Every structure is written in C-alpha cells, then in structure tokens.
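The values are calculated or read from the model by the stated rules, or taken from the named source; none is laboratory data. No experiment lies behind these values; they were computed from the predicted model shown. Glycine gets a Cβ as well: all are built from the backbone with ideal geometry, and neighbour counts include every protein chain shown.
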Amino acid sequence: MIELVVPAQLIKSHSERDGEWLRALPTTAAHYLDQWDLTVTGQPLNGAASLILPVVRRDGAEAMLKLQPVNDESEDEALALRTWSRDDVVEVLEDDPATSTLLLERLEPRTLNDVPDHVEATRTLAELLSRLNAVPAPPGIRRLADIAGQMVDDAPGLIPSLADSDERALMQRLSARVAEMLPHAGDRLLHWDLHYGNVMAAQRQPWLVIDPKPLAGDPGFDVFPVLWNRWDDLVATGDLDRAIRDRFDLMLEVTGIERDPAIGWTAARILQNVLWDVEGGETRMDVELVAVAHALFT
C-alpha cells in the first residue's frame, strides 16, 4: 500500500457523497500503479472531483494517473477524449471504464488562465471549441435534451425558493426559453465545462483540452463557461455589461455558433446553476450569474 496524502480540498468536496471512494483511494491507486507499471514522481494534485498522481511509465514517459468516482460526468470521459482529434485534447494512454480511472499524457503546468490577455485566451479557447463541437457525439452519451428537460421539470418547484421577486421572474422567463429550446437540443459532442483552466499547454501542441463532462447536444450550450470565468478581467474593463457581451460575441464570431441558440442555451446554463444552488440551500442568485443574465437578457 502506498502512502497517499489526499488533499484536504478533495476530502471536503467528497466526504459526504463519496466517503467510500475516499477511503478506498490508497488501495485503488496502488492497484493501478501496479497494473500499469507506474512510479509516482511527485505530490498528489487534485481537481474539483479527482485525485491526480504524477507518474512515470516503464519506458520513462511521464504521465498523470487520474482517479475519480464513477458517475454520469466521468463515465464517458475517455470515450469523448478518444472521439475528438488527438490534436485538440489530452491523450488517453490507459483507462478502466469500471472505475473511470485514466492514465493521461503529462501536460505543461500552464493553462489559459495564465495568458495575460483575456481576449487572446478567449479566442484560443473558441478556436478549440469550434473543432470539438464539429464532432458528432458517439452513441450512448448523455443527451442535452434529457438534462434540459429535467431542468424545466424541476424549475417550478425550486424557483419559489429564491427570496427576490425579480430573480424569481427572471428564472421563470429563462425556464420558458429553455422549454422552447428542447426540440432543438442537437447531437454534437459537447465538453460542458470548457473554461480557461481546462485548456493546458503542451509540447506537441500549443494548447490541449482536458476534463470533459461529455454531452450530446447543441454547441450553444458550450458557450457559457467563458462568460463567468476570468471574471476580474471583465470587471477591470469598467463596463461589465459590455465586456460580457463582447466576450459572448467573440465566441460566436470564432465558433460560428448562431446567436439565437447560443442565447437560448446560455439561458439553460444560468437556470441550471441557479437550480443547483437552490437545491444546496441558497436563496439568492450568484452575483456573476445575475450580471451575465443582465448583460444578455435585459
């Protein structure tokens, strides 16, 4: 058994819902280190939902062992990464679908968050997204139609928990818009979470995409993450509404995504985040979500 120190952030985020997975992590890590003949070469890293071990393979190649719970978000990660072009995404070297464990190529410790010019970073991300969204989703991937349909079903029971009447009215309006979008949910392979931190520098390409939450749907659903990441850069412009709209317009210009579906599916992303927050006990909208909604829907 290896001595594995699990980062405190990961323990906090998983202790309630994935306690068994946390307790089994040392055993699980030891199993894959042995099975894939790997040697740990550094301290554990972690994402929001995964433990990542820097490792070296038998042939000396550096890699990253990614351990994560099996759930709707992780179970098709390897499939999606292998479906997209290797020129655009991190390479999967090994995987075990039974546990969603992945052995990934080692990338550089730099993301699009580190690019000083947020406009340049957004353009780079949009160029990658345009290529990802051109690929049809393979059979069996979760469907945006189902995810969005559940939002619309859940909204009437959750929106009344918002304390502010204007926020309730806004969410009701966005829910109605999402209901209109359901017949046009699409069939492209979506990343779902393509923000600046999920694009990493590499040696074989300038930038590669990591950590998808695969979904079959309309590319407009993938526009939202850039609208509330690198938030300080938007605020620093002095005109937040305009900066959000400019970033939105740049995404559409580069990707070729049409405005109406992009607006409709961005409404879905805002609704989704608000419903998640309300389910977690919140009674007010996140201020960034309010700002994005104000910039695009008022």
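For the stretch 234-282, name all the residues that are surrounded by fewer than 22 Cβ atoms within 10 Å (Cβ to Cβ) and among the basic types (K, R).
R242, R245, R259
Out of the residues in the stretch 110-137 that are of a type in the set (V, I, T) and outside any strand (DSSP E or B), which is surrounded by the most Cβ atoms within 10 Å (Cβ to Cβ)? Quick ask: steps written out before the conclusion?
First, the residues of the stretch 110-137 that are of a type in the set (V, I, T): 111, 115, 119, 122, 124, 135.
Next, from what is left, pick out any that are outside any strand (DSSP E or B): 115, 119, 122, 124, 135.
On the way: V115: 20, V119: 13, T122: 24, T124: 18, V135: 15.
Ranking the qualifying residues of the stretch 110-137, first place goes to T122.
For the stretch 38-109, which strands (runs of 3 or more DSSP E) that fit wholly inside it have 1 or more residues that are under 17 Å from V5 (Cα atoms)?
Result: 51-56, 62-67.
Of all residues in the stretch 94-136, which are touching a Phe, Trp or Tyr at 6+ places or on another chain (Cβ under 7 Å) and closer than 13 Å to Y196 by Cβ?
T111, L112, N113, A121, T124, L125, L128
Exactly one condition in (1) in a helix (DSSP H, G or I); (2) under 21 Å from the mean Cα position of the chain (by Cα) is not met by G140; state its number.
(1)
Among the residues of the stretch 32-47, write down those that are modelled with pLDDT of 80 or more, surrounded by 15 or more Cβ atoms within 10 Å (Cβ to Cβ) and not polar (S, T, N, Q).
Within the stretch 32-47, Y32, L33, W36, L38, V40, P44, L45 meet the criteria.
How many residues are within 14 Å of L104 (Cα to Cα) and either polar (S, T, N, Q) or modelled with pLDDT under 95 (or both) if we restrict to the stretch 75-92?
0
What is the number of the single condition among (1) surrounded by fewer than 22 Cβ atoms within 10 Å (Cβ to Cβ); (2) part of a helix (DSSP H, G or I); (3) of a type in the set (A, V, I, L, M); (4) more than 20 Å from the chain's Cα centre (by Cα) that I147 does not meet?
Among (1) surrounded by fewer than 22 Cβ atoms within 10 Å (Cβ to Cβ); (2) part of a helix (DSSP H, G or I); (3) of a type in the set (A, V, I, L, M); (4) more than 20 Å from the chain's Cα centre (by Cα), I147 violates only (4).
Looking at the stretch 166-174, is at least one residue surrounded by fewer than 18 Cβ atoms within 10 Å (Cβ to Cβ), within 30 Å of G47 (Cα to Cα) and in the same structural domain as L125 (by TED's automatic domain parsing)? Spell out how you get there, then give the answer.
First, pick out the residues of the stretch 166-174 that are surrounded by fewer than 18 Cβ atoms within 10 Å (Cβ to Cβ): 166, 168-169, 172-173.
From what is left, the residues that are within 30 Å of G47 (Cα to Cα) are none.
Checked against the condition, which is being surrounded by fewer than 18 Cβ atoms within 10 Å (Cβ to Cβ), within 30 Å of G47 (Cα to Cα) and in the same structural domain as L125 (by TED's automatic domain parsing), the stretch 166-174 yields no hits at all.
What number of residues in the stretch 78-90 are touching a residue at least 24 places away in the same chain (Cβ under 8 Å) and surrounded by fewer than 16 Cβ atoms within 10 Å (Cβ to Cβ)? Spell out the reasoning first.
Taking the stretch 78-90 first, the residues touching a residue at least 24 places away in the same chain (Cβ under 8 Å) are 78-81, 83-85, 87-90.
Still in the running and surrounded by fewer than 16 Cβ atoms within 10 Å (Cβ to Cβ): 85, 87.
Final tally of qualifying residues: 2.
Kindly provide the set of residues from the stretch 150-169 that are farther than 26 Å from A216 by Cα and in a helix (DSSP H, G or I), ordered by number.
G157, I159, P160, S161, S165, D166, E167, R168, A169, listed by residue number.
One line per residue, one yes/no per condition, for (1) outside any helix (DSSP H, G or I); (2) touching a residue at least 40 places away in the same chain (Cβ under 8 Å); (3) over 18 Å from R142 (Cβ atoms):
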{"site": "D211", "(1), (2), (3)": "yes, yes, no"}
{"site": "V226", "(1), (2), (3)": "no, yes, yes"}
{"site": "G238", "(1), (2), (3)": "yes, no, yes"}
{"site": "L250", "(1), (2), (3)": "no, yes, yes"}
{"site": "I263", "(1), (2), (3)": "no, yes, yes"}
{"site": "I270", "(1), (2), (3)": "no, yes, yes"}
{"site": "W276", "(1), (2), (3)": "no, no, no"}
